[in-house]
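A.B. asks: Take a look at this one; I'll ask things after.
The values are calculated or read from the model by the stated rules, or taken from the named source; none is laboratory data. Note that this is a predicted model, so its numbers are computed, not measured. Here the Cβ is made from the backbone with ideal geometry for all residues, glycine too, and neighbour counts use every protein chain on show.
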């Protein structure tokens with residue numbers, strides 16, 4: 001398992017995003033649970049704490065991010081490489097590839113799994129670009145990184161897709 005087996009998006013470049021599903025983009029380290037092991041984007045098996053192993057579901061694939069709050073990306077890298085997890089680290093799950101169907105079906109199928117270090121990302125349906133900008137501004141104000149936008153009928157297919165968009169601010173203000 002590595003990044004070629006995971007689904008990835010592209011940068012937003014003006015597409016109509018009405019009706020797309022927005023989730024927060026976390027500044028952590030990408031990880032994939034294959035139902036038995038947690039893998040890094042680079043293909044490393046991650047030595048997870050027992051607490052994590054108890055809550056991660058056997059036989060269910062989960063795609064997500066190891067996250068330790070704003071500025072925690074380096075601590076997450078240490079956790080992946082050396083197994084040094086902080087008590088505040090979470091596995092932020094944004095997809096469930098082993099469940100058939102569209103994106104919301106997959107996301108809603110795992111809602112009851114949440115607990116302990118396992119968090120299912122919340123989502124909103126975007127009505128228009130103005131709503132996406134407002135949501136982005138709120139996330140940025142809380143030191144968040146940005147949004148991920150997904151087409152509602154998105155199927156899980158490994159590789160890069162135009163049906164997932166990264167919607168972020170740039171250093172000198174918004175690009176939108």
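A.B. asks: Residue by residue through region 107-134, note down the ones that are in a helix (DSSP H, G or I), crowded, with 18+ Cβ neighbours inside 10 Å and modelled with pLDDT of 95 or more.
C.D. replies: Step one: of region 107-134, the residues in a helix (DSSP H, G or I) are 107-109, 111-113, 129-134.
Now drop any that are not crowded, with 18+ Cβ neighbours inside 10 Å, which leaves 107, 132.
Correct list: 132 only.
A.B. asks: So which residues in region 53-78 are buried (at least 20 other Cβ atoms within 10 Å of the Cβ) and more than 27 Å from residue 167 (Cα to Cα), if there are any at all?
C.D. replies: 56
A.B. asks: Moving on to the next point. For region 1-33, which positions are over 14 Å from the mean Cα position of the chain (by Cα) and buried (at least 17 other Cβ atoms within 10 Å of the Cβ)?
C.D. replies: 1, 12, 17, 20
A.B. asks: Also: I need a count of the residues in region 160-176 that are modelled with pLDDT under 95 and part of a strand (DSSP E or B). Reasoning before the result, please.
C.D. replies: So the first thing to find is which residues in region 160-176 are modelled with pLDDT under 95, and the list is 168-176.
Remaining after also requiring part of a strand (DSSP E or B): 168, 170, 173.
Result for region 160-176: 3.
A.B. asks: Which ones in region 107-130 are more than 27 Å from residue 48 (Cα to Cα) and touching a strand residue (DSSP E or B) at 6+ places or on another chain (Cβ under 8 Å)?
C.D. replies: Pass one, region 107-130, residues more than 27 Å from residue 48 (Cα to Cα): 124-130.
Matches in region 107-130: 124, 125, 126.
A.B. asks: Out of curiosity, is residue 166 under 17 Å from the mean Cα position of the chain (by Cα), surrounded by fewer than 16 Cβ atoms within 10 Å (Cβ to Cβ) and within 26 Å of residue 44 (Cβ to Cβ)? If you could, list the steps in order and put the result at the bottom.
C.D. replies: Details: under 17 Å from the mean Cα position of the chain (by Cα): yes; surrounded by fewer than 16 Cβ atoms within 10 Å (Cβ to Cβ): yes; within 26 Å of residue 44 (Cβ to Cβ): yes.
Against the criterion (under 17 Å from the mean Cα position of the chain (by Cα), surrounded by fewer than 16 Cβ atoms within 10 Å (Cβ to Cβ) and within 26 Å of residue 44 (Cβ to Cβ)), residue 166 qualifies.
A.B. asks: Can you tell me which condition residue 141 does not meet? The list is (1) farther than 27 Å from residue 57 by Cα; (2) exposed (fewer than 14 other Cβ atoms within 10 Å of the Cβ); (3) in contact with a strand residue (DSSP E or B) (Cβ under 6 Å, 6 or more places away or on another chain), and all the others hold.
C.D. replies: Single failed check for residue 141: (3).
A.B. asks: Which of (1) touching a helix residue (DSSP H, G or I) at 6+ places or on another chain (Cβ under 8 Å); (2) assigned to a strand (DSSP E or B) does residue 153 not meet, given it meets every other one?
C.D. replies: All conditions pass for residue 153, except number (2).
A.B. asks: If you don't mind, there's one more thing I want to ask. Tell me, which strands (runs of 3 or more DSSP E) wholly within region 1-94 include 2 or more residues that are in contact with a helix residue (DSSP H, G or I) (Cβ under 9 Å, 6 or more places away or on another chain)? Please lay out each step first, then the result.
C.D. replies: Details: elements: 7-11, 21-25, 29-33, 38-40, 62-67.
Those strands (runs of 3 or more DSSP E) span 21-25, 29-33, 38-40, 62-67.
A.B. asks: Just one of the numbered conditions (1) more than 15 Å from the chain's Cα centre (by Cα); (2) at negative phi is not true of residue 95; which one?
C.D. replies: Residue 95 satisfies all of (1) more than 15 Å from the chain's Cα centre (by Cα); (2) at negative phi except (1).
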